[in-house]
Amino acid sequence: MSRPVAVVTGASGGIGEATARRLAAEGFEVVLGARRLERVQAIAAEIDGRALPLDVTDPASVAAFAAEIPACEVLVNNAGGALGTDPVLGADEDGWRWMYEANVLGVVRVTKALVDRLEASGDGRIVVIGSIAGFEIYPGGGGYIAAKHAVSAVAKTLRLELLGRPIRVTELQPGMVETDFSKVRFGGDEARAAEVYRGMTPLVADDVADVVAFAVTRPAHVDLDQIVLRPRDQVTARDVHRAD
């Protein structure tokens with residue numbers, strides 16, 4: 001029997017890579033999409049999956065990606081990220097624009113491109129990797145917060161608009177996860193990125209992947225609408241226990 005197909009965007013590292021590996025272990029044929037094609041090709045070879053180039057900020061790239069996927073049961077919208085910590089009044093508009101394109105319109109584009117295949121499967125599942133920034137705020141994060149609030153609104157609206165169709169929508173909102181997220185946000189500054197997790201135990205990508213796998217393997221009548229997961233050491237975006 002052919003394996004059910006799961007598509008993971010932003011699958012070249014971090015949560016996306018961990019999710020691709022975990023879904024493959026659960027018996028899915030995983031299609032990995034990312035800009036770093038060589039990286040996803042290497043991962044795909046290890047998990048008997050497929051690797052395709054994908055830039056979710058480029059409509060043509062999304063269309064070409066979807067054209068290579070004739071069937072799909074699970075879509076994990078993971079691509080996105082944060083840039084900088086500029087205040088609202090000092091906003092880098094190019095950075096804010098990229099965050100909106102990658103985090104919000106990327107979800108919209110890929111979902112639009114694959115929704116017919118998800119519905120045709122008879123039990124489609126859409127997972128949106130959001131953030132606690134989708135319902136909390138903190139200074140210096142306005143661009144990312146605005147984008148993730150929008151992602152959350154998209155997921156909730158999509159769930160309403162798909163009511164009565166065989167598609168479930170799950171929104172995951174992780175707190176602090178130690179990946180390359182902070183390194184990218186700080187322009188490659190590894191010391192500054194490491195400081196984010198100083199003195200506390202953050203989540204790791206596999207923790208999030210575990211939750212994704214659990215959500216998409218529930219019986220067809222069970223929809224885990226919204227899941228918030230944080231480290232024990234974190235209560236809000238700003239309240240973190242640090243041992244030192």
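The values are calculated or read from the model by the stated rules, or taken from the named source; none is laboratory data. The model shown is predicted, which means the values in this text are computed figures rather than measured ones. Every residue, glycine as well, gets a Cβ built from its backbone with ideal geometry; the counts of neighbours run over all protein chains shown.
Table for the structure above
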item	result
Condition broken by Asp207, with the remaining ones in (1) exposed (fewer than 14 other Cβ atoms within 10 Å of the Cβ); (2) charged (D, E, K, R); (3) under 30 Å from Asp123 (Cα atoms) satisfied	(1)
Subset tally (residues that are surrounded by 16 or more Cβ atoms within 10 Å (Cβ to Cβ) and either among the small types (Gly, Ala, Ser) or at pLDDT below 95 (or both)) for region 47-61	3
Residue, surrounded by the most Cβ atoms within 10 Å (Cβ to Cβ), within region 180-204, restricted to residues that are under 14 Å from Pro231 (Cα atoms) and of a type outside the set (Lys, Arg)	Leu203
Residue that is nearest to Gln173 (Cα to Cα) [pool: residues in region 62-84 that are surrounded by 16 or more Cβ atoms within 10 Å (Cβ to Cβ) and either of a type in the set (Val, Ile, Thr) or without any contact (Cβ under 8 Å) to a residue 24 or more places away in the chain (or both)]	Val76
Which numbered condition Asp189 fails, given (1) among the acidic types (Asp, Glu); (2) farther than 20 Å from Ala20 by Cβ; (3) touching a Pro at 6+ places or on another chain (Cβ under 6 Å)	(3)
Count of region 20-74 residues which are small (Gly, Ala, Ser), out of contact with any Lys or Arg (no Cβ under 7 Å at 6 or more places or on another chain) and within 25 Å of Ala220 (Cβ to Cβ)	5
Hits in region 157-170 - residues which are among the polar types (S, T, N, Q) and in a strand (DSSP E or B)	Thr170
Residue under evaluation Val154, criteria (1) out of contact with any Gly (no Cβ under 9 Å at 6 or more places or on another chain); (2) surrounded by fewer than 20 Cβ atoms within 10 Å (Cβ to Cβ); (3) assigned to a helix (DSSP H, G or I), criterion not met	(2)
Qualifying residues in region 89-109 (those that are over 16 Å from the mean Cα position of the chain (by Cα) and closer than 19 Å to Ser182 by Cα) - the one surrounded by the most Cβ atoms within 10 Å (Cβ to Cβ)	Trp96
Complete set of residues in region 170-206 that are farther than 19 Å from Glu136 by Cβ, at pLDDT 95 or above and in contact with a strand residue (DSSP E or B) (Cβ under 9 Å, 6 or more places away or on another chain)	Thr170, Val204, Ala205
Only one of Thr236, Thr179 that is part of a loop (DSSP other than H, G, I, E, B), touching a residue at least 40 places away in the same chain (Cβ under 8 Å) and closer than 22 Å to Gly106 by Cβ	Thr179
Subset of region 183-209 (residues that are farther than 16 Å from Gln234 by Cβ and part of a loop (DSSP other than H, G, I, E, B))	Phe186, Gly187, Gly188, Asp189
Boolean, Asp223 is in contact with a Lys or Arg (Cβ under 8 Å, 6 or more places away or on another chain), closer than 26 Å to Leu163 by Cα and either surrounded by fewer than 18 Cβ atoms within 10 Å (Cβ to Cβ) or not hydrophobic (A, V, I, L, M, F, W, C) (or both)	yes
Condition broken by Val212, with the remaining ones in (1) at pLDDT 95 or above; (2) of a type outside the set (Ser, Thr, Tyr); (3) in a loop (DSSP other than H, G, I, E, B); (4) crowded, with 16+ Cβ neighbours inside 10 Å satisfied	(3)
